[in-house]
Every structure is written in C-alpha cells, then in structure tokens.
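The values are calculated or read from the model by the stated rules, or taken from the named source; none is laboratory data. Computed from a prediction, not measured in an experiment: that's the story for all the values here. Glycine also receives a Cβ, built like all others from the backbone with ideal geometry; neighbour counts cover every protein chain displayed.
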Ligand SMILES: Cc1cc2nc3c(=O)[nH]c(=O)nc-3n(C[C@H](O)[C@H](O)[C@H](O)COP(=O)(O)O)c2cc1C
Ligand code: SF4
Ligand code: SF4
C-alpha cells in the first residue's frame, strides 16, 4: 500500500489532506470530528487580535451556483474571521493538539498590519504548541475594508514586511496564504519568499457576486435588500487555483518554495492534480462543508489506489511531475495535429456536436447520410479544436486522434512533420527575425 504520510515544511501528518481555515475548523468540536474522520491536519479558522471579536451578519452569509443536477459548483461567502473569543480558541487549539499529536494543527492569523499587533499575538499562538501559522492575506471582504486580509495580500511590500515580523518574533513555520485577487500571483509569492516565509498556500477566495435577485434587484446573498461581493470557492475555482499554483511552482524566483494547494478540491484526483503541479499538500474547505468530513475516507483510499496502480510508493514520487510540462503558448508544438473522431456505436445522434461546429467552429461535422441523421467528422475541415468533445453529452463518444508523422493532414494537404516546431521559429512570426543573427 502506498505511503501517503506527509511532511510539509517539517509539519508531519498521516496524509496530505488538511482542512483549510474556515467554518470546518472553527472550534474544537469540529476539528475533533474531522480528525476522527481521518483528516491529516487542519488550519484553524483565522484568529484576530485580542479584544471584542468580530461580528458576522445575522442573515444569509453563503451563496452558490449549481449544475443542472443541483450539484454545487461554486460557493460564495461573506463570513469574516472567527467571531469566537481569542482565549477560548487558544485553549481549544492547545487541547486539540495535545489530544491529536500525530495530526497537523496550524493556526491562521489576521491582525492589523502593525508590528505591535503581530508581536502581541505570535507568542500567544506559540504557547498552544501548534505546528505552525498561516498568515491570512486573502480574505476579500469585510476585513479587507479594515486594511487586513486581501488589502495586505495585494501589496507585495506589505506581504514581505509582515512575513518578516512573523519570522522575527516566532519560531513556528510560517505559511503565507495568498489572495487570487491580483493580476500576477507571482509577485506576492516572491515577496513572501523574500520576507522569509517557509511556504505559501493558495488560493483564498475570489471576489464574486453569485447572482442577482430579480424581484428585489439585489445581489445574493441578500441582507435586508443589499448585498456585497463575497469570496468564491468550490469546484468552479479549481482551474484558477491550479494555474496560480503552477505559476509559482515554475517561477525561477520562487522555484522550490513549498506550496499548500487550495481551491475546489473535492476528490483524490483533484488533490493529485494539485500535487502533480507542485503542491506539497492540499487543503479543503467547500467539499467538507457540502459533503461532510467523511469524504476524506474516499480521498485517502482513492489516492492510495491510484498510487499503487501507477507504482508511486510515496507522495514525492509524483509531486511536481507535471510542473515541467506547463509552458508558455509560444513553446507549444505546432506540428502536433489532431482530428476529432466520433464512435458511431456510442453516438445517440443528439446533434449537439454538429450545431457547435457548424455555428461556431469549422463546419466539420455532417448531420445526415442517406437521408438519416448521421454525425461524422470531415477530416478535410477539422482543425482539431476539441469543441465537439466538450459539448457531447456522451463520455468518450468523441475522441481526438493524433496524426502520426508522415500522415497527410487532409485539411492543409501537408504531410505531418516528425519534428517539434513552435511559434518562435514559425515563418509567420514577425518577431522571428529578431532571434536570427544580424546580417
Ligand atoms: C465560509 C468560508 C469561510 C472562510 N473563512 C476563511 C478564514 O477565516 N480564513 C482563511 O484563510 N480562509 C477562509 N476561507 C477560505 C478557505 O480557507 C479556502 O481558501 C477557500 O474556500 C478555497 O478552498 P475550497 O475551494 O476548498 O473551499 C473561507 C471559506 C469559506 C467558504
Ligand atoms: S474538433 Fe473542432 S473543428 Fe473538429 S469537428 Fe470538432 S468542433 Fe469541429
Ligand atoms: S454530440 Fe455526441 S452523441 Fe451527440 S451527435 Fe455528436 S457525437 Fe453523437
């Protein structure tokens, strides 16, 4: 059986599945239940500074979007950091860590962007004997209006400054949690590294309005006729998170910086994808909120089964294996040519591929033959765009077939070249001259 024990910046856990800082980790009761279910670690719901706790709205704080089968695809919240007393949280953290020494307990923190505020809270957290801290530079609503959360995460200089304070005033490993609400996530990641962070985690939630109530003309969730943007997460956020993880993993300036991957992870496969792109472990929030803590059982067994099947003995065997295959568009092989192929035995003749290709792609799919509905790809028109595959309701009914070198591409009437050739060397590239030696 594959060994899925995890060591993330020296923090050990029996598996790489941690619960992200959020309602599932808000109190000892939840965290104990999560550990009983098998979660490898938690990042405790973000603590604020000493004093009266923050106050949440008393109406709906969540919104969502669903697929046609009512499966939740995207989740949105306007919740703040913990609204429980700091001392109570600290006592519970200490007790939980004592009860579960083999699990990772990391504490998320967000206090004002002032040295004294960080200096004051760090020893209190350290006293709990938690395994590390995560700096919440990502909360996009409420707290950011008060100069915290994303308001810090969006300014690389602030990120670097706060990380430096945390390294200076604490012995605990520091994980810097990044906001996706920036143009280029590499900049705050580099700043965190410059400040001395042990790792980054990402993504926190994305600015969003999930919908508008057309009776009241108000954004949802609606509080007494008004709404505000919230933080978006869940399966729909995964592609954005994967991209950002890959961006940091392959950036020469942050190369090798440990990453905790977060965003839409619902199954073992999602987790394996994040890790293949360079994440050292993963964190989960929405999936636990929607399906309960026991989903971790399937995550653990699924990951182990897949690793056994593929011959990966440990997590390190596949971590980062996909990073090197993420490249820039200009380096993609223009001699790689595919054509769509429809499996006539699987086709239910719905016609969606025909309409999609006819109206918006390359008019490459027939709709009838001998007076009957019949859907077939015309290789002399197909550009291999993959649209039909994506709209077909039958899985694996349409597949993309690669043309082997030496075969004729009936569309261009050219023979497929065996060599790799990209845009930087293409004759149509006006910039190509600039890489040629000057005459
Ligand atoms: C209701 C809710 C509350 C959250 N509260 C926090 C928080 O206090 N601190 C924090 O760093 N992230 C918070 N998050 C963000 C999550 O930790 C996580 O980064 C995000 O939800 C993406 O993961 P997911 O797609 O698995 O949900 C919260 C998310 C949700 C849904
Ligand atoms: S791959 Fe694109 S061009 Fe080819 S048949 Fe499908 S939709 Fe049409
Ligand atoms: S979308 Fe798929 S099932 Fe429908 S006609 Fe095309 S190939 Fe057949």
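With the structure loaded, tell me whether residue 82 is modelled with pLDDT under 95 and buried (at least 19 other Cβ atoms within 10 Å of the Cβ) or whether it fails that test.
On the way: modelled with pLDDT under 95: yes; buried (at least 19 other Cβ atoms within 10 Å of the Cβ): yes.
Spelling it out, residue 82 is indeed modelled with pLDDT under 95 and buried (at least 19 other Cβ atoms within 10 Å of the Cβ).
Filter segment 66-78 down to the residues that are buried (at least 21 other Cβ atoms within 10 Å of the Cβ) and part of a loop (DSSP other than H, G, I, E, B) and list them by number. Please lay out each step first, then the result.
Filtering segment 66-78 for residues buried (at least 21 other Cβ atoms within 10 Å of the Cβ) gives 75-78.
Passing the criteria: only 78.
If residue 401 meets every condition in (1) loosely packed, with under 12 Cβ neighbours inside 10 Å; (2) under 13 Å from residue 336 (Cβ atoms) apart from one, which number is that one?
(1)
Give me the pairs: first residue in segment 390-402 and part of a helix (DSSP H, G or I), second residue within 14 Å of ligand 2 (Cβ to nearest atom), beta-carbon distance under 7 Å, and six or more apart or on different chains, which are they?
Cβ pairs passing all conditions: 391/352; 391/353; 391/356.
What about residue 48, is it surrounded by 24 or more Cβ atoms within 10 Å (Cβ to Cβ), touching a helix residue (DSSP H, G or I) at 6+ places or on another chain (Cβ under 9 Å) and under 25 Å from residue 221 (Cα atoms)?
yes
Can you pull out every residue in segment 306-321 that is part of a helix (DSSP H, G or I) and free of Cβ contacts under 8 Å to residues at least 12 places away in the same chain?
If the condition is that a residue be part of a helix (DSSP H, G or I) and free of Cβ contacts under 8 Å to residues at least 12 places away in the same chain, then 309, 310, 316, 317 are the ones that fit.
With touching a residue at least 24 places away in the same chain (Cβ under 8 Å) and within 16 Å of ligand 3 (Cβ to nearest atom) as the only criterion, which of 358, 376 stands out?
Working: 358 fails: touching a residue at least 24 places away in the same chain (Cβ under 8 Å).
None of the other options fit; the residue is 376.
Determine whether segment 103-122 contains at least one residue that is within 25 Å of residue 294 (Cβ to Cβ), surrounded by fewer than 24 Cβ atoms within 10 Å (Cβ to Cβ) and touching a helix residue (DSSP H, G or I) at 6+ places or on another chain (Cβ under 9 Å).
Yes.
Residue-wise test of (1) closer than 21 Å to residue 230 by Cα; (2) in contact with a strand residue (DSSP E or B) (Cβ under 8 Å, 6 or more places away or on another chain); (3) not assigned by TED's automatic domain parsing to the domain that holds residue 161.
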{"site": "92", "(1), (2), (3)": "no, no, no"}
{"site": "97", "(1), (2), (3)": "no, yes, no"}
{"site": "100", "(1), (2), (3)": "no, no, no"}
{"site": "103", "(1), (2), (3)": "no, yes, no"}
{"site": "113", "(1), (2), (3)": "no, no, no"}
{"site": "138", "(1), (2), (3)": "yes, yes, no"}
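Output yes when any residue across segment 326-339 is modelled with pLDDT of 95 or more, near ligand 2 (Cβ under 9 Å from one of its atoms) and either assigned to a helix (DSSP H, G or I) or surrounded by 11 or more Cβ atoms within 10 Å (Cβ to Cβ) (or both), and no when none is.
Yes, segment 326-339 contains a residue that is modelled with pLDDT of 95 or more, near ligand 2 (Cβ under 9 Å from one of its atoms) and either assigned to a helix (DSSP H, G or I) or surrounded by 11 or more Cβ atoms within 10 Å (Cβ to Cβ) (or both).
Does segment 415-430 contain at least one residue that is more than 30 Å from residue 248 (Cα to Cα) and surrounded by 16 or more Cβ atoms within 10 Å (Cβ to Cβ)? Show your work before the answer.
Taking segment 415-430 as the starting set, the residues that turn out to be more than 30 Å from residue 248 (Cα to Cα) are 415-419, 427-428, 430.
From what's left, surrounded by 16 or more Cβ atoms within 10 Å (Cβ to Cβ): 416.
Taking every residue of segment 415-430 in turn, at least one turns out to be more than 30 Å from residue 248 (Cα to Cα) and surrounded by 16 or more Cβ atoms within 10 Å (Cβ to Cβ).
Might you let me know whether segment 417-432 holds any residue that is under 37 Å from the mean Cα position of the chain (by Cα) and closer than 11 Å to residue 340 by Cα?
Checked segment 417-432: no residue is under 37 Å from the mean Cα position of the chain (by Cα) and closer than 11 Å to residue 340 by Cα.
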